[in-house]
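S.K.: Can you keep this structure in mind? I'll have questions shortly.
Readers should treat all values here as calculations from the given coordinates under stated rules, not as data from a laboratory. Computed from a predicted structure; not experimentally measured. Cβ atoms come from the backbone with ideal geometry, glycine included; neighbour counts cover every protein chain shown.
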Amino acid sequence: MRLNLRTSIRNRRFWGWGAAAVLYLGVTAAAAEFTWNRAIDALADVGEHRLDLYAASLKSELNRFETMPAIVARQDSVQALLAAAPHASAPLQHEVDTYLEAVNRDAGSLATYVIDRHGAVIAASNWNQPRTFIGTNVSYRPYFKDALATGTGRFFGIGTNTGMPGLYFASAVRGAAGPSTGAVAVKVSVDALEQAWRMPGEAAMVVDGNGVIVISTAPGWKFMSVRPITEQRQRAIQASQQYAGRAVEPLSYRRVDDWKRDAWLGNFPDWRTPGRTARYLVVSRPLPQAGDSLMVLQDIAGAYRQEHLAVAFVTGAFLIAALYGLYAGQRRRTIAEKLKAQDALRRANDELEWTVAHRTAALTAANERMQREITERELTEQRLRDSQQEVVHAGKLAVLGQMAAGLTHEINQPLVAIRTLCDNARTFFERNQPAQAFANLDRIARLVESMAVLTSELKAFARKPDVERVAVSLNEVVAHARFMYEARIRDEAVQLDVNIPSGTMVYAESSQLQQVIVNLLGNALDAIRDAETRVIRIEAVQPDPQLGRVLFTIADSGGGIAPEVLAHLFEPFVTTKPRGHGLGLGLAITSRIVEGFGAKIYGANREDGGAQFSIEFAAATSQRAEHGR
Ligand code: ADP
């Protein structure tokens with residue numbers, strides 16, 4: 001999904017740049033074409049203006065000289081000279097020559113001369129110059145031929161005599177009524193026109209009917225042809241010596257493109273830099289008066305420059321736009337990323353705050369819960385401690401109850417015996433048998449003594465528990481317990497084996513330890529009451545004196561601990577005994593007391609039958625035990 005999105009963004013960007021490139025190319029092409037068209041149109045307009053100007057100046061030049069030969073032809077002296085030719089008098093000849101010289105000077109033409117009907121020049125304005133026209137024959141010249149045939153003649157040509165190019169005007173000289181007796185011709189220089197038309201980056205020229213350039217501001221192009229010339233025409237040109245007998249060379253150019261009517265683009269030799277070709281806009285116009293045409297060539301380098309400038313401008317504008325686009329895109333991306341980062345930060349912050357608040361609330365709740373639990377636990381503990389004390393006490397009472405039955409028996413018997421012995425002693429005294437009476441008194445004393453022992457044991461048991469742990473002799477405690485159950489052991493024919501090395505001392509509290517042993521021994525006696533063999537074995541070993549441990553065991557030959565009881569042996573109110581015989585508190589109290597000694601108690605069934613209870617005591621030295629006592 002993310003990949004698709006990225007690809008689509010990349011595609012969009014690609015197409016965006018593609019469209020911009022196409023737009024750039026389109027706009028550039030349009031701008032280039034528009035600028036080019038405008039520049040060329042402007043050039044064409046300028047060319048048209050030039051054509052107007054040059055046509056007007058050419059026309060005025062032609063008009064100025066066109067009528068001049070006709071005026072000269074009307075001169076009487078000229079006509080007289082022609083009539084007298086070739087035998088004219090020297091004064092007439094001189095008169096005509098000086099007249100021609102004056103007219104020529106006044107008009108500003110190159111030469112003015114009179115031609116007889118055979119084409120021979122018989123008078124000329126340059127009569128007194130070394131290269132005078134007088135004596136030359138111009139019968140082959142078209143202007144002379146045209147003048148004789150039609151009355152007037154005109155052409156561009158190069159003087160055969162002088163070698164100078166010029167414009168020739170001729171007019172026929174007619175006699176009073178007869179045919180033409182000759183002609184008058186005027187040769188005009190075109191240098192002034194060429195000078196006036198010369199413009200930088202431009203070429204102006206006049207092309208005659210042969211397609212030959214006769215006036216040109218481009219040096220070297222004069223008398224070159226702009227049209228192909230046929231062999232026949234070439235020969236005719238040679239014959240008329242129009243261009244002083246030189247062959248007409250074609251001007252090598254190529255028409256490249258038509259612009260509009262009378263305007264086209266062409267590659268021409270560059271007249272400013274020989275050997276190079278340049279492109280020009282050519283505008284031309286026919287000159288009806290002369291049957292020729294006028295052409296203006298304009299350099300189009302300026303149009304190229306304008307076109308390049310337009311392309312550069314458009315490129316610059318696009319570059320600026322592209323740079324701005326890149327900048328804006330980058331800026332947009334940066335802002336978007338910044339916003340995204342801010343958003344992510346805010347979200348993370350919110351999340352963190354939420355988590356912290358949540359955790360704090362959870363912690364506070366947990367804390368409160370814990371506090372409550374602690375309080376409850378403390379209360380429970382307190383209650384437990386209280387009830388434990390009660391239970392211990394209750395357990396003691398229960399044992400006392402059991403003991404009371406035994407004691408009744410134990411005390412009743414000596415009491416009965418004492419009663420009997422007293423009665424007997426009285427009788428012995430009455431019979432005056434003091435020895436027997438004294439013997440009875442001794443027995444009574446022993447019985448009382450044994451009863452005193454019994455009560456002292458009871459006193460010891462009922463004594464308030466001494467919380468201080470001291471070294472207690474195991475043998476002594478076991479002997480006390482044994483004494484407590486003496487009657488049962490005897491009556492129920494129980495074999496009680498005690499095997500405790502003398503001097504075995506354990507850390508305990510004497511009366512509590514006694515309660516423990518009494519409990520365990522009582523349970524063992526209960527267990528073997530109905531058994532076939534009634535054996536109870538009490539042992540203590542010190543497996544490793546270095547370890548300071550004493551392992552005490554009491555094993556019986558009873559039926560063993562019931563399986564359902566085994567797992568809950570030391571829990572209170574667990575009993576298998578009939579109602580009124582057991583509370584199920586004995587082992588619970590025992591284990592509590594043992595734990596109080598820092599010892600451990602275990603209960604298990606032996607493999608060969610019967611139960612075995614073990615207590616692992618911390619051993620105490622006899623010295624300390626003595627001291628403790
Ligand atoms: P009680 O003697 O009042 O039943 P105890 O806590 O002393 O309470 O004993 C719990 C139970 O453990 C007894 O009811 C009995 O089932 C079992 N038990 C204790 N000692 C022995 C033993 N030596 N052999 C078999 N079972 C025993």
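S.K.: From the backbone phi of segment 213-226, what are the Karplus-calculated ³J(HN,Hα) couplings (6.51 cos²θ - 1.76 cosθ + 1.60, θ = phi - 60°) in whole Hz, Gly and Pro given as x?
M.R.: Couplings: 6, 10, 10, 8, 7, 8, x, x, 8, 5, 6, 9, 9, 9 Hz.
S.K.: Sort all Cα-Cα distances of segment 58-152 into consecutive 5 angstrom bins from zero, then give the percent of pairs in each bin up to the one containing the longest distance.
M.R.: 3, 13, 23, 27, 21, 10, 2, 1, 0
S.K.: Another question about this same structure. Between Q546 and V498, what is the FRET efficiency for a Förster distance of 25 Å, r being their Cβ-Cβ separation, to the nearest 0.05?
M.R.: 0.45
S.K.: Rounded to the nearest 500 deg cm²/dmol, what is the calculated helix-only ellipticity per residue at 222 nm for the chain, with -39500 (n - 2.57) per DSSP H run of length n ≥ 4?
M.R.: Counting only the DSSP helices, I get -19000 deg cm²/dmol.
S.K.: Using a 7 Å offset from the Cα along the Cα-to-Cβ direction at both A42 and R227, what is the distance between the two label points in nm, to one decimal?
M.R.: 3.5
S.K.: What translational diffusion coefficient, in µm²/s and rounded to a whole number, does the Stokes-Einstein relation yield for segment 476-575 at 10 °C and a viscosity of 1.306 mPa s, taking the hydrodynamic radius as the Kirkwood radius over Cα pairs?
M.R.: Translational D for this selection: 107 µm²/s.
S.K.: If you take every residue apart from L345 with its C-beta less than 15 Å away from the C-beta of L345, what net charge results, scoring Lys and Arg +1 and Asp and Glu -1?
M.R.: Neighbour charge sum, excluding L345 itself: -1.
S.K.: Turning to a different aspect of this structure: Holding the Cα-Cα limit at 23 Å, pick out from K222/K260; K59/K260; K187/K222 the pairs that are longer than that.
M.R.: Pairs exceeding 23 Å: K222/K260; K59/K260.
S.K.: Could you state the principal axis extents of the C-alpha atoms in segment 140-223, from the largest down, to the nearest angstrom?
M.R.: 55, 22, 21
S.K.: If you don't mind, there's one more thing I want to ask. Would you please give the residues with an amide H less than 5 Å from that of T277, counting only those at least 5 places away or on a separate chain, with H modeled from the backbone geometry?
M.R.: Here D270 satisfy the definition.
S.K.: Report the trypsin sites (Lys or Arg not before Pro) located in segment 196-292 that are in a DSSP loop and have at most 11 other Cβ atoms inside 10 Å of their Cβ, or state none.
M.R.: R261, R276
S.K.: Run the reach check for K600 against aspartates and glutamates, Cα to Cα strictly under 13 Å, same-chain hits fewer than 8 apart removed. What comes back?
M.R.: E616
S.K.: At a threshold of 8 angstrom on Cα-Cα distance, excluding pairs fewer than six apart, so keeping six or more, what relative contact order does the chain reach in percent?
M.R.: Once divided by the residue count of the chain, the mean separation gives 8 percent.
S.K.: Which whole number of Å³ per residue matches the convex hull of the alpha-carbon atoms in segment 235-305?
M.R.: Taking the convex hull of the Cα positions in segment 235-305, it is 137 Å³ per residue.
S.K.: Does anything in segment 588-605 have its amide N under 19 Å from the 7 Å Cα→Cβ label point of E571, and if so which residues?
M.R.: 588-593, 601-605
S.K.: Could you work out how much longer the chain between D191 and A247 gets when fully extended? Use 0.36 nm per residue separation minus the Cα distance between them, nm to one decimal.
M.R.: Length gained between D191 and A247: 17.9 nm.
S.K.: Now for a separate question. Rank L415, G159, T355 by how far each Cα sits towards the positive end of the charge dipole of the chain (+1 on Lys, Arg Cβ; -1 on Asp, Glu Cβ) and give me just the farthest.
M.R.: G159
S.K.: Next question, about the same structure. Largest first and in whole Å, give the semi-axes of the chain's equivalent ellipsoid, each being the square root of 5 times a Cα gyration tensor eigenvalue.
M.R.: Value: 179, 20, 18 Å, ordered largest first.
S.K.: Can I ask one more? So what are the ³J(HN,Hα) numbers for segment 607-614, from phi and the Karplus equation (6.51, -1.76, 1.60; θ = phi - 60°), rounded to whole Hz, Gly and Pro as x?
M.R.: Once θ is set to phi - 60°, the couplings for segment 607-614 become 5, 8, x, x, 9, 9, 10, 10 Hz.
S.K.: If I take R0 = 51 Å and measure r between the Cβ atoms of R276 and H118 in this structure, what FRET efficiency does the formula 1/(1 + (r/R0)^6) give, to the nearest 0.05?
M.R.: 0.50
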